[in-house]
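Undergrad: Here's a structure for you.
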Amino acid sequence: MIAGAAPVSVAAVDLGASSGRVMLGEVGPEVLRLTAAARFANGPVQSDDGLHWDVTALHRHALDGLRTAAARAPGGLVSVGIDSWAVDYGLLRGGRLLAEPFHYRDEHRNEAGPRQVHAQVAPAELYARTGLQFLPFNTVYQLASDARLADADRLLLVPDLLAHWLTGAEVAERTNASTTGLLSVTTGAWDDALIVSLGLPRGLFADLVDPGTTIGTLLPEVGEAVGAPGLPVVAVGSHDTASAVVGVPMSGDDAAYISLGTWGLVGLELDAPVLTEAARAANFTHEGGVDGTIRFLTNVMGTWLLSETLRTWGRDDLGALLAAAADVTRRVTVFDVQDPRFVAPGDMPARIAAWCDEHDVPAPADAPSLVRSIVESLAAAYAAALATAADLSGRTIRQVHVVGGGSQNALLCQALADRTGLPVVAGPVEATALGNVLVQGRAAGAVRGTLEDLRALVVRTQDLRRHEPRTRAWKDAEL
């Protein structure tokens with residue numbers, strides 16, 4: 001880090017699958033602070049042709065947040081960076097968005113794409129080329145069944161689309177591009193041969209840029225609107241998990257992470273891919289990380305189960321329900337959270353009850369028991385994924401870090417510690433925004449060093465909570 005360097009102010013636009021925020025960040029050698037400039041809801045919008053994202057509204061919210069951040073920033077903002085969820089994209093022609101992007105949870109669009117792609121390229125070959133786990137909503141599958149491609153001349157993933165609206169530039173940030181299923185896992189470049197073999201127009205795909213690159217500056221009218229003329233837009237780990245992993249306070253190669261929100265992204269940070277058949281069969285992916293690292297991880301169901309359950313019940317008192325769930329003394333059913341029936345929006349308690357009925361196990365009898373069942377089931381799935389990650393990579397895991405909104409769920413973090421027999425360090429909650437801010441701060445020269453140096457700053461400045469494993473506790477909870 002830089003002795004005597006003054007902190008700088010940056011703005012992080014951090015868009016999640018259920019909410020978004022604009023955070024004002026201050027970063028320097030011994031400073032790492034976040035203040036919320038704006039928070040807003042995000043979610044699917046049902047149209048006649050399926051589920052969509054309202055990215056136009058997200059853009060408007062982002063501008064409002066940037067205006068607030070610019071007004072509050074000590075010394076003014078030096079840059080802004082954008083991250084979001086992966087795989088979803090906007091199609092443009094002549095710089096104009098053709099329609100709001102489809103939502104990856106659209107059940108009907110996710111049915112045809114994999115069949116069409118696998119008819120052209122076998123799953124094993126896809127994995128060897130891209131290193132990407134099979135998910136039916138990966139960009140490559142969405143594109144296979146997208147009838148709008150003939151009308152488009154550019155494809156931009158969500159954070160690249162917002163950066164385009166801010167600057168006019170059309171680029172593809174590499175960490176997010178790695179989630180498309182069209183990037184080479186060995187070279188980090190677009191796999192042109194794969195793109196052509198799938199019949200996709202090569203011209204759709206923009207030039208790749210790395211985290212830390214200045215994409216451009218705010219368009220004059222945008223700069224005037226937000227009160228920050230000429231403000232640089234800097235590429236960060238624009239896949240939110242890439243930014244979150246920057247903010248994981250880990251050191252050494254014996255730590256694993258879970259970026260826990262709507263999804264639980266469970267994995268390790270590696271220097272080289274593990275392109276084995278065992279890794280493919282276990283559905284582990286290789287996504288690009290900041291500084292050329294590889295996020296070797298698998299997608300596991302996240303707190304979506306809890307949020308959809310509360311939505312079904314018409315409740316918003318998760319804290320009270322978790323407290324009641326912690327007091328449940330009878331054993332609860334542990335169910336398969338990876339069952340595809342739990343992916344789409346809907347009546348989650350009814351779906352869990354149906355799973356229990358089909359597998360001849362008791363369904364939770366009341367709300368606290370159902371919440372405890374969800375918590376124990378998620379913890380069991382994460383523990384299994386961690387064991388698989390260690391086995392596939394040859395790594396020994398001695399500590400687990402849980403970051404993101406799910407790190408506030410003490411019952412779940414403790415259940416994970418109990419099931420793994422490993423200490424679980426919870427926090428920071430805003431790891432994604434912190435990672436976003438750290439990459440911008442390094443690009444501005446306010447901090448320097450490796451990822452380990454950036455993470456050491458997280459350890460020195462953020463509140464973390466440690467959960468030690470309790471012997472046999474999980475065995476007493478599971479039916």
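Each value in this text was obtained by applying a stated rule to the coordinates, not by laboratory testing. Worth saying up front: this structure is predicted, and the values here are computed from it rather than measured. We place every Cβ from the backbone using ideal geometry, glycine too, and count neighbours over all the protein chains shown.
Undergrad: Mind checking the full-extension length gain between Arg39 and Asp347? Use 0.36 nm per residue of separation minus the Cα-Cα distance, one decimal, nm.
TA: Computed gain between Arg39 and Asp347 is 108.2 nm.
Undergrad: Nothing charged except the Cβ atoms of Lys and Arg (+1) and of Asp and Glu (-1): what's the magnitude of the dipole of segment 124-280 about its Cα centre? Round to the nearest 20 debye.
TA: 240
Undergrad: Which of these values of Cα extents along the principal axes in Å was calculated from the structure shown: (1) 62, 56, 45; (2) 80, 53, 44; (3) 99, 61, 46?
TA: Working out Cα extents along the principal axes in Å from the coordinates points to (1).
Undergrad: Between Ser19 and residues 5 or more places away or on another chain, which pairs have amide H atoms under 5 Å apart, with H built 1.01 Å from N, and which residues are they?
TA: Asn42
Undergrad: Shape of segment 123-228 from its Cα gyration tensor (a ≥ b ≥ c, root eigenvalues): rounded if a/c is under 1.5, otherwise prolate when a/b > b/c, or oblate?
TA: Because a/c hits 1.5 or more and a/b exceeds b/c, segment 123-228 counts as prolate.
Undergrad: Let me ask something else about it. Go through 423-430, 9-16 and give me the packing order, highest mean Cβ count within 10 Å leading.
TA: Result, highest mean Cβ count within 10 Å first: 9-16, 423-430.
Undergrad: If you take the square roots of the eigenvalues of the alpha-carbon gyration tensor of segment 285-388 and sort them as a ≥ b ≥ c, do you get rounded (a/c under 1.5), prolate (a/b over b/c) or oblate?
TA: Verdict is prolate for segment 285-388.
Undergrad: Using a 10 angstrom Cβ neighbour count of at most 14 plus a DSSP loop assignment to flag exposed trypsin sites (Lys or Arg not before Pro), which longest range of the chain is free of such sites?
TA: Working: sites that count: Arg148, Arg315, Arg330, Arg398, Arg448, Arg470, Arg472.
The answer is 149-314.
Undergrad: Report ³J(HN,Hα) in whole Hz for each residue of segment 165-175, in order, from the Karplus equation J = 6.51 cos²θ - 1.76 cosθ + 1.60 where θ = phi - 60°; Gly and Pro get x.
TA: 5, 7, 10, x, 7, 10, 9, 10, 6, 5, 5
Undergrad: How much FRET efficiency would the formula 1/(1 + (r/R0)^6) give for Asp360 and Phe134, where r is the Cβ-Cβ distance and R0 is 35 Å, rounded to 0.05?
TA: 0.75
Undergrad: If you don't mind, another one. Using θ = phi - 60° and the Karplus relation 6.51 cos²θ - 1.76 cosθ + 1.60, list the HN-Hα couplings for segment 324-341 in order, rounded to whole Hz, with x at every Gly or Pro.
TA: 5, 5, 5, 8, 5, 9, 6, 5, 10, 6, 9, 10, 7, 5, 8, 4, x, 5
Undergrad: Separate question: Calculate the spin-label point distance for Leu98 paired with Asp151, positioning each point 7 Å from the Cα along the beta-carbon direction, and give it in nanometres.
TA: A separation of 0.7 nm, rounded to one decimal place.
Undergrad: From the Cα gyration tensor of segment 8-240, with a ≥ b ≥ c the square roots of its eigenvalues, which class applies: rounded if a/c is under 1.5, or else prolate if a/b is larger than b/c, or else oblate?
TA: On the way: a/c = 2.02, a/b = 1.73, b/c = 1.17.
In terms of gyration-tensor shape, prolate.
Undergrad: When the Karplus curve 6.51 cos²θ - 1.76 cosθ + 1.60 is applied with θ = phi - 60°, which whole-Hz ³J(HN,Hα) does each residue of segment 90-96 get, with x for Gly and Pro?
TA: Per-residue couplings from phi come out as x, 9, 10, 9, x, x, 10 Hz.
Undergrad: Using alpha carbons only, how many angstrom separate the centre of segment 28-63 from the centre of segment 376-445?
TA: With segment 28-63 and segment 376-445 each reduced to a Cα centre, they are spaced 24 Å.
Undergrad: What nm distance separates the two modelled labels at His59 and Gln338, each placed 7 Å from Cα along Cα→Cβ?
TA: Each label point lies 7 Å from its Cα, and together they span 3.9 nm.
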